[in-house]
Amino acid sequence: MVGSATTSREFDKSLGSLAEVFLFLDEVLPHGSLGDRGRFVLHLAVEELFTNMIKYNAGASRRVEVRIAVDNDHVRVDLVDPDTDPFDPSLWPSVDVGAPITERRPGGLGLHLVRTMADGLEYHYRDREMTVSVTQYLE
């Protein structure tokens, strides 16, 4: 494939929409070129980021736009909340997975997994619109 092709769809900002989001990902993602690991990572990242938008993003928006861009060597998935307060997941403190459970503070493990497993994580915020992008390279 030369250049990039982008497809987008809006979803209700609710946990009940996750199944539809996953169907959309599977319809658009290039079959075979991501491999099982790449597909798993994108599903994990989208689930974590979408869920965080539901739980933590105050604002009037009741929809989230999911954009999928397939390029020559990677796939980028953008999750866009058009009306929310800033929340940069890339700044969330790292999780010390080596610390005993009793010494760990709750929360952040999902974002830790996304940052560790995905090939890229970006955040943009302007005029109350937040975009979180996750990138995964093709095999």
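The values are calculated or read from the model by the stated rules, or taken from the named source; none is laboratory data. A quick note: this is a predicted structure, and the numbers were derived from the prediction, not measured. Positions of Cβ are generated from backbone atoms using ideal geometry, with glycine treated the same way; all protein chains shown enter the neighbour counts.
Looking at the stretch 36-45, can you tell me whether even one residue there is in a loop (DSSP other than H, G, I, E, B), of a type outside the set (S, T, N, Q), at pLDDT 85 or above and crowded, with 16+ Cβ neighbours inside 10 Å? Checking the stretch 36-45: not a single residue is in a loop (DSSP other than H, G, I, E, B), of a type outside the set (S, T, N, Q), at pLDDT 85 or above and crowded, with 16+ Cβ neighbours inside 10 Å.
Picking from residues in the stretch 113-139 that are touching a residue at least 60 places away in the same chain (Cβ under 8 Å) and β-branched (V, I, T), the one that is surrounded by the fewest Cβ atoms within 10 Å (Cβ to Cβ) is T135. The set of residues in the stretch 46-71 that are assigned to a helix (DSSP H, G or I) and either hydrophobic (A, V, I, L, M, F, W, C) or farther than 20 Å from R115 by Cβ (or both) comprises V46, L49, F50, M53, I54.
Residues checked against (1) closer than 13 Å to V77 by Cβ; (2) modelled with pLDDT of 95 or more:
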residue: V2; (1), (2): no, no
residue: T7; (1), (2): yes, yes
residue: E10; (1), (2): no, yes
residue: A19; (1), (2): no, yes
residue: F24; (1), (2): yes, yes
residue: L29; (1), (2): yes, no
residue: L34; (1), (2): yes, no
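Every listed requirement among (1) part of a helix (DSSP H, G or I); (2) farther than 16 Å from V132 by Cα; (3) hydroxyl-bearing (S, T, Y) is met by S33 save one, (1).
Let's see how each residue does on (1) within 15 Å of the chain's Cα centre (by Cα); (2) assigned to a strand (DSSP E or B); (3) at pLDDT 70 or above; (4) farther than 28 Å from T6 by Cβ:
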site: D85; (1), (2), (3), (4): no, no, yes, no
site: V95; (1), (2), (3), (4): no, no, no, yes
site: P106; (1), (2), (3), (4): no, no, no, yes
site: L113; (1), (2), (3), (4): yes, no, yes, no
site: L121; (1), (2), (3), (4): yes, yes, yes, no
